[in-house]
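What follows draws every value from the coordinates through simple rules; no lab data is involved. Since this is a predicted model, take the numbers as computed values, not measurements. Using ideal geometry, Cβ is built from the backbone for each residue, glycine included, and neighbour counts are taken over all protein chains shown.
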Amino acid sequence: MKTSGNTILMTGGGSGIGEALAHRFHDRGDTVIIAGRRQETLVRAAEGRDRIHTMTLDVEDAAAVDAFAKQVVADFPALNVLFNNAGIMKFEDLTKRRDLADAEATLAINVLGPIWLTNALIDHLAGQPDAAIVTVTSGLAYVPLVAAPTYSASKAAIHSYTVSLRTQLAGKIEVIEVAPPGVQTDLTPGQANRPGYMPLEAFADAVAAQFAEQPTPREILVDEVQFLRQAEREGRFDETLKTLTERAAQQREEGNRRG
């Protein structure tokens, strides 16, 4: 991926990781279109940066995604990077019958949304010089957080999809995966201030530094996620799963006490 001069579409760009990275890409010389559901949030994220533009998008709606793709190409014909970042995370109890609305929304936003948008833009990107597709997965793609089973499964699915996408597009479009650790954002209640999670600005700085490398690594992995990424390779999957489960339960319990 070029180190400046790109035109980047960033889904979920109004807050959290998407906003932080959009700012860094803008500040190094890229044009960034941030997309999300709430225009007021996007406007706030774009404030003071003249090369950040805003467009509303609901990635749960296939027809809306297709219409959006046509509009963004018409408005920004130089678009050469798709950054699939939008996602949600819900905690779920699998031990009894339940309403599956949260699971269905997670799959729609985290899995179908990136697949729909990639499909809608693939022909345009294939004709662009220096084209790239970036997917944001998670360390939980490699070791699941059992309290968030559908989220973890959705990220594992997108990791696998990214591997296939990279292989099929080899020599045509660069495909990059960003796998964050737990980052202090508003992804779940209390997470923005949760001890043990990586500060958002530090994460964004580390990711931006890797995007400045040439060639760009095909996996963007900060040091804090290697505990999860390498668990199976290093023969400690079961131990890591146990540690992750216990640590997460303790952090949520402490958060509930403070709340």
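What number in nm² do you get for the chain if you take the convex hull of its Cα atoms and divide its surface by four?
14.1 nm²
Which of ALA153, GLY29, VAL65 sits farthest toward the positive end of the charge dipole of the stretch 7-258, with +1 on the Cβ of Lys and Arg and -1 on the Cβ of Asp and Glu? Farthest towards the positive end: ALA153.
Here the chain is treated with +1 on each Lys and Arg Cβ and -1 on each Asp and Glu Cβ, and its dipole about the Cα centre works out to around 220 debye.
Considering only MET198, LEU228, THR188, the residue lying farthest towards the positive end of the dipole of the stretch 186-259 is THR188, judged by Cα position with unit charges set on Cβ. Annotation: extensible slack from PHE76 through GLU104 equals 6.9 nm (criterion: 0.36 nm per residue apart, minus Cα-Cα distance). Per-residue ellipticity at 222 nm computed for the chain from its helices equals -13500 deg cm²/dmol, with DSSP H segments shorter than 4 residues left out and the rest contributing -39,500 (n - 2.57). A simple rule links phi to the HN-Hα coupling: the Karplus curve 6.51 cos²θ - 1.76 cosθ + 1.60 with θ = phi - 60°, which for the stretch 18-29 gives x, 5, 4, 6, 4, 4, 5, 5, 4, 6, 9, x Hz, with x for Gly and Pro. Close amide H pairs (under 5 Å, H built 1.01 Å from N) link ILE176 with ILE133, VAL134, THR135, residues at least 5 positions away or on another chain. Fully extending the segment from THR243 to ALA63, taken as 0.36 nm per residue of separation minus the present Cα-Cα distance, adds 60.6 nm. Residues whose amide H comes within less than 5 Å of that of HIS53, counting only those at least five positions distant or on another chain, are VAL32, ILE33, ILE34 (H built at 1.01 Å from N in the peptide plane).
By average Cβ neighbour count within 10 Å, what is the ranking of 48-58, 97-107, 178-188 from highest down?
178-188, 48-58, 97-107
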